Protein chains: 2
Amino acid sequence: MRIKQILQTKAEEQKISVKGWVRTNRDSKANAFIAINDGSCMSNLQVFVDKEIVTDQDVLRRAATGASIEVKGILVESPGQGQSVEVRAEEIIIIGDCPEDYPLQKKRHSNEFLREIGHLRGRTNTFGAVVRVRSAMAFAIHKFFQERGFVNLHTPIITASDAEGAGEMFQVTTLPFESFNSQNGIDYSRDFFGKKASLTVSGQLSAETYATAVGDVYTFGPTFRAENSNTTRHLAEFWMVEPEMAFCDINGDMDLAEEFLKYIISYVLENCAEDMEFFNKWVCKGILDQLRGVASADFARVTYTEAIAELEKANAKFEFPVSWGIDLASEHERYLSEEVYKRPVIVYNYPKEIKAFYMKLNEDGKTVRAMDVLAPGIGEIIGGSEREDSYETLIARIDELGLNREDYDWYLDLRKYGTVPHAGFGLGFERMIQYVTGMANIRDVIPYARTPKNCNF
Amino acid sequence: MRIKQILQTKAEEQKISVKGWVRTNRDSKANAFIAINDGSCMSNLQVFVDKEIVTDQDVLRRAATGASIEVKGILVESPGQGQSVEVRAEEIIIIGDCPEDYPLQKKRHSNEFLREIGHLRGRTNTFGAVVRVRSAMAFAIHKFFQERGFVNLHTPIITASDAEGAGEMFQVTTLPFESFNSQNGIDYSRDFFGKKASLTVSGQLSAETYATAVGDVYTFGPTFRAENSNTTRHLAEFWMVEPEMAFCDINGDMDLAEEFLKYIISYVLENCAEDMEFFNKWVCKGILDQLRGVASADFARVTYTEAIAELEKANAKFEFPVSWGIDLASEHERYLSEEVYKRPVIVYNYPKEIKAFYMKLNEDGKTVRAMDVLAPGIGEIIGGSEREDSYETLIARIDELGLNREDYDWYLDLRKYGTVPHAGFGLGFERMIQYVTGMANIRDVIPYARTPKNCNF
């Protein structure tokens with residue numbers, strides 16, 4: 001039995017055996033209180049040791065912070081506060097000792113320090129909670145889409161397509177660097193794939209190929225940006241969720257995005273109550289109220305043009321000036337959701353100049369059917385669009401932007417053979433975890449962060 | 001409503017609207033039968049067109065194979081065979097035309113040809129079924145572990161650790177190749193991560209760090225091998241499932257592997273009945289019986305030494321001779337499961353020389369607590385082990401094999417601070433899909449295969 005289950009069990013003086021790691025050992029003359037944790041939940045299980053029953057002083061000394069132990073004893077109601085049950089030890093067995101240079105002694109450590117011991121930080125309250133909430137959110141994502149008949153699609157990680165255009169790419173190669181010579185040039189025919197290959201920045205274009213085959217699909221996998229951004233919101237390697245729906249327009253896309261966000265948040269509130277209480281108390285006060293608000297709000301929906309008008313008449317001083325045509329900055333996004341609408345707001349129909357080539361052009365010829373979900377406390381959390389489904393219009397956009405038609409052969413085929421309106425969006429998983437947990441630095445919501453000059457463990 | 005739901009609906013002459021792609025259009029003088037498919041299931045929905053009701057000849061001509069259409073009409077019981085309901089059309093709307101050069105005309109195409117049009121093959125019966133079954137299996141994997149309290153862990157894709165040692169690695173870089181010069185050497189301090197980085201070959205070592213923090217974890221993500229293997233069983237990019245359990249020995253590991261395989265297979269049999277019937281009929285006759293057999297069998301468990309004895313007394317001619325110490329070849333693995341035990345068999349306690357350094361050494365000093373699950377029709381499907389949890393023994397193994405202690409600093413810490421018995425295994429997801437669907441070539445069970453000289457789409 002794991003501690004999570006034990007803590008939910010009614011104590012009827014039954015015999016139990018439990019294994020875990022010692023968090024604290026308060027040793028006194030006649031008895032000792034050992035708190036053990038096995039990572040199944042935030043709470044420790046308290047072990048009461050009567051030294052007349054457990055007489056081996058050496059075992060009690062070795063049951064120090066960080067040691068792994070097995071406790072055999074009786075599950076009883078706890079007389080103390082903070083737990084309903086505890087174990088009256090009959091036998092303690094040391095599984096693995098823990099020497100005194102263990103970096104995770106009782107005191108509180110900074111997140112910066114804990115990043116340096118990434119292989120151990122999962123043993124702390126904060127990072128145990130992060131990884132449990134992350135896991136619950138990952139499952140909620142799969143559950144949401146599977147319940148709605150979406151097909152989980154694994155789009156390629158290594159790609160030779162430059163067509164994605166969403167950011168700087170990492171190159172993937174097996175060429176022996178040592179043999180390179182700038183005079184001879186690079187012979188990609190000798191590389192593993194026979195041509196230049198990179199890590200994907202988005203699964204969207206591939207997802208469109210399957211959405212126009214089996215209807216509704218979603219990807220959930222790692223994506224990459226080789227951008228030299230050292231901020232609390234950027235990772236070089238992060239996980240992204242990208243649904244794509246056939247026979248769906250911008251309105252259906254907004255409906256799904258709203259339903260999706262509420263579902264994930266409600267799932268976490270329901271299934272991770274203890275960990276979420278921890279974040280609310282120690283990491284980000286008020287996060288629970290904020291999330292409950294999002295889960296129960298009707299999201300506002302306004303056009304980009306309306307949003308700009310709201311910002312222009314705003315009684316606020318923005319760092320970046322506002323006028324029709326600008327890309328919204330984080331300050332604008334937060335002002336809209338926090339001050340104007342006081343709830344999440346979906347802004348749609350953006351100027352085509354600031355959005356990607358594949359987004360569906362509106363009849364006005366100026367705006368495209370893009371939509372961004374802006375949430376209080378964070379700004380943009382989801383970005384999506386209806387895709388251009390007209391072969392002729394897409395070709396014209398590709399030409400207009402000076403892109404190569406040949407690079408988009410297969411993508412254009414989807415518009416040539418039985419084209420359908422389709423739409424989708426992308427959600428950066430780590431930003432969503434930051435939003436849900438209130439963790440300030442994105443490096444702290446993924447087990448091992450990859451950022452410029454940092455690829456440890 | 002999608003076609004999967006419509007086909008399960010009781011026909012009561014209700015009005016419906018349905019969208020999909022035309023598979024066939026049998027047009028005759030007085031009426032037409034149009035079969036449409038939307039990818040929600042294998043079956044088409046039959047549309048009956050009375051030309052006195054739908055009078056636009058041009059629309060009927062354009063509703064050709066591959067075109068996307070909307071049909072408005074009445075859902076009625078079908079008088080024909082093969083379907084319980086059909087739609088009596090009142091109006092047909094062309095959403096997207098499909099010209100005659102559409103590569104997916106009615107005739108059957110070879111899988112080789114379909115690989116060349118990977119962006120369209122999801123529209124065929126076979127590849128629609130593959131991606132639906134793949135998605136169901138992916139969800140079953142998450143469901144299995146989440147129901148058992150495992151934490152889903154996203155281990156890094158880009159790694160600077162050479163410690164994994166499971167195969168040839170792809171290098172990941174942002175260095176401008178053009179500036180290289182073999183005389184100057186490579187200045188990795190200028191690379192994105194400030195050192196040489198590669199694509200992961202396994203998440204296991206990272207998984208161990210979190211298993212010894214939160215107990216039971218599993219990874220399910222892409223892994224990579226830069227091996228020049230052009231076979232029907234190798235991909236350069238494939239998805240792998242790797243559970244890792246704290247406080248677990250080789251026996252618990254075998255229990256979990258058996259339970260896991262049965263669960264995935266049962267889930268697919270239950271949730272993908274129509275697609276599985278298709279595979280049983282057209283792709284691999286008898287696959288359903290084989291899978292039902294695996295789902296209900298008690299797996300045999302034998303030591304490597306016993307398995308070798310069985311092979312030595314076998315009345316079979318093997319290409320590779322058998323003696324204690326050899327690595328089992330596929331022919332041996334299949335002989336054991338198909339001829340000797342006639343069911344899946346788990347072989348454990350392998351000679352240490354043929355297994356990885358991190359596997360727990362047995363008391364005999366000769367064998368390690370490795371285990372492989374061998375299944376009829378395929379051979380090895382799962383490989384795992386109890387991990388070496390003794391700091392001293394692991395150090396000795398690292399030295400013995402001439403590895404660098406420094407490379408394993410953080411891995412050794414797990415044995416230094418509160419070590420626990422722990423175990424896990426790996427399952428190649430695409431091989432499992434091959435096993436379940438009977439698809440002969442691994443390139444055909446992933447949307448876009450990456451193999452030597454092949455990185456298309």
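The values are calculated or read from the model by the stated rules, or taken from the named source; none is laboratory data. The structure displayed is predicted, hence computed values, not measured ones. When we count neighbours, we look across all protein chains shown, and the Cβ atoms used for this are built from the backbone with ideal geometry, even at glycine. Note: accessible area is taken over every heavy atom of the protein model, side chains too, but ligands, DNA and RNA are not part of it. Shrake-Rupley method; radii C 1.70, N 1.55, O 1.52, S 1.80 Å.
Here are a few things to note about the model shown:
- Taking all C-alpha pairs of chain A, those more than 38 Å from each other amount to 38 percent.
- Fraction of accessible area attributable to carbon and sulfur, the protein assembly as shown (%, probe 1.4 Å): 46 percent
- Normalised by residue number, the volume inside the convex hull of the Cα atoms of segment B:319-457 is 182 Å³ per residue.
- For segment B:231-334, the percent of C-alpha pairs falling in each 5 Å distance bin, counted from 0 to the bin holding the largest distance, reads 2, 9, 13, 13, 18, 21, 15, 7, 2, 0.
- Segment B:4-109 - Rg and Dmax from Cα coordinates, angstrom: 13.0, 39
- Bins of 5 Å, starting at 0 and running to the largest distance - Cα pair percent for segment B:61-136: 3, 12, 15, 16, 19, 19, 10, 3, 0
- Solvent exposure of A:GLU70, expressed as accessible area, is near 30 Å², computed with a probe of 1.4 Å over the protein chains only.
- Principal-axis tilt of helix A:287-296 within chain A, Cα atoms, nearest 10 degrees: 50 degrees
- Accessible surface, segment A:121-444, averaged per residue in Å² (probe 1.4 Å): 36 Å²
- Contact-buried residues of segment A:65-101, at a threshold of 30 Å² lost accessible area versus the chain by itself: A:ILE95, A:PRO99, A:ASP101 (1.4 Å probe; DNA, RNA and ligands ignored).
- For B:THR232, the label point sits 7 Å beyond Cα toward Cβ; its separations from the matching points on the remaining copies run 5.6 nm, from shortest to longest.
- Equivalent ellipsoid semi-axes, segment B:172-249, via Cα gyration tensor eigenvalues times 5, rooted, Å: 33, 20, 9
- Residues B:LYS106 and B:ILE16, FRET efficiency given R0 of 41 Å [Cβ-Cβ distance, rounded to 0.05]: 0.95
- Centre-to-centre, using Cα atoms only, segment B:382-412 and segment A:64-100 are separated by 30 Å.
- The contact between chain B and chain A removes approximately 8900 Å² from the accessible area (both sides summed; 1.4 Å probe; ligands, DNA and RNA excluded).
- Segment B:3-96, relative contact order [Cα under 8 Å, separation at least 6], %: 33 percent
- Descending principal axes extents, the protein assembly as shown, alpha-carbon based, whole Å: 95, 85, 72
- A point 7 Å from Cα along Cα→Cβ stands in for A:GLU363, and the other copies hold the same point at 8.4 nm, listed in rising order.
- Distances between equivalent label points of B:ILE16 across the copies, with each point positioned 7 Å along Cα→Cβ, amount to 5.2 nm, shortest listed first.
- Taking each of A:LYS143/B:LYS281; B:LYS313/B:LYS352; B:LYS10/B:LYS72; A:LYS51/A:LYS72; A:LYS262/A:LYS342; B:LYS106/B:LYS281 in turn, the alpha-carbon distance tops 21 angstrom for A:LYS143/B:LYS281; B:LYS313/B:LYS352.
- C-alpha long axis of helix A:125-147 to longest principal axis of chain A, angle in °: 50 degrees
- For the residues of B:4-13, the average number of beta carbons from a partner chain within 10 Å of their own beta carbon is 0.
- Partner shielding of B:234-240 amounts to 2, given as the average count of beta-carbon atoms from other chains within 10 Å of each residue beta-carbon.
- Among A:ASN37, A:VAL49, A:TRP410 - extreme Cα towards positive end, dipole of chain A, charges at beta-carbon: A:VAL49
- Projected label distance in nm at B:GLU77 and B:ARG233, using a 7 Å step from Cα toward the beta-carbon: 5.2 nm
- Per-residue shielding of A:413-426, expressed as the average number of other chain Cβ atoms within 10 Å of the residue Cβ, stands at 5.
- Largest first and in whole Å, the equivalent-ellipsoid semi-axes of segment B:23-73 read 19, 11, 10, each the square root of five times a Cα gyration tensor eigenvalue.
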